[in-house]
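Take a look at the structure set out below.
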Amino acid sequence: MKQGIHPESYRFVVFKDMSNGHTFMSRSTANTKETIQWEDGKEYPLVKLEISNTSHPFYTGKNVLVDTAGRIDKFKKRYAKKD
């Protein structure tokens, strides 16, 4: 690997899939201001995800419509036929 181009500040971070509530811990350099208490009783930074492997149709085998923050409604309202 090239020296000096990789971050040095990896820390444990909890990722939460907002579509189904699944959480998992990994090491990351992602910045966040929110924290969550993990299963071991300690507080860790929290990164919220819109979709993860537990809710993505490719991994689940189900064709599930994920509507985050009303994107479909915004699209329909923007491109609705005007009377």
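The values are calculated or read from the model by the stated rules, or taken from the named source; none is laboratory data. Given the structure is predicted, the values throughout are model-derived calculations rather than measurements. Here the Cβ positions follow ideal geometry from the backbone for every residue, glycine too, while neighbour counts run over all protein chains shown.
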Out of everything in the range 70-83 that is assigned to a loop (DSSP other than H, G, I, E, B) and modelled with pLDDT under 75, what residue ends up being farthest from MET25 (Cα to Cα)? ASP83
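Each row is one residue, and each column tells you yes or no for (1) surrounded by 16 or more Cβ atoms within 10 Å (Cβ to Cβ); (2) touching a Pro at 6+ places or on another chain (Cβ under 6 Å); (3) of a type in the set (Gly, Ala, Ser); (4) at pLDDT 80 or above.
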| residue | (1), (2), (3), (4) |
| --- | --- |
| VAL13 | yes, yes, no, yes |
| ASN20 | no, no, no, yes |
| MET25 | no, no, no, yes |
| TRP38 | no, no, no, yes |
| GLU43 | no, no, no, yes |
| VAL47 | yes, no, no, yes |
| THR54 | no, no, no, no |
| ASN63 | no, yes, no, no |
| THR68 | no, no, no, no |
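Mind checking which residues of the range 28-49 are part of a loop (DSSP other than H, G, I, E, B) and either touching a residue at least 40 places away in the same chain (Cβ under 8 Å) or among the acidic types (Asp, Glu) (or both)? Walk me through how you get there before you give the answer.
The first filter runs over the range 28-49 and keeps only residues part of a loop (DSSP other than H, G, I, E, B), leaving 29-34, 38-42.
Within the range 28-49, GLU34, GLU39, ASP40 qualify.
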Which of the residues spanning the range 1-27 are in a strand (DSSP E or B) and aromatic (Phe, Trp, Tyr)? PHE12, PHE15, PHE24
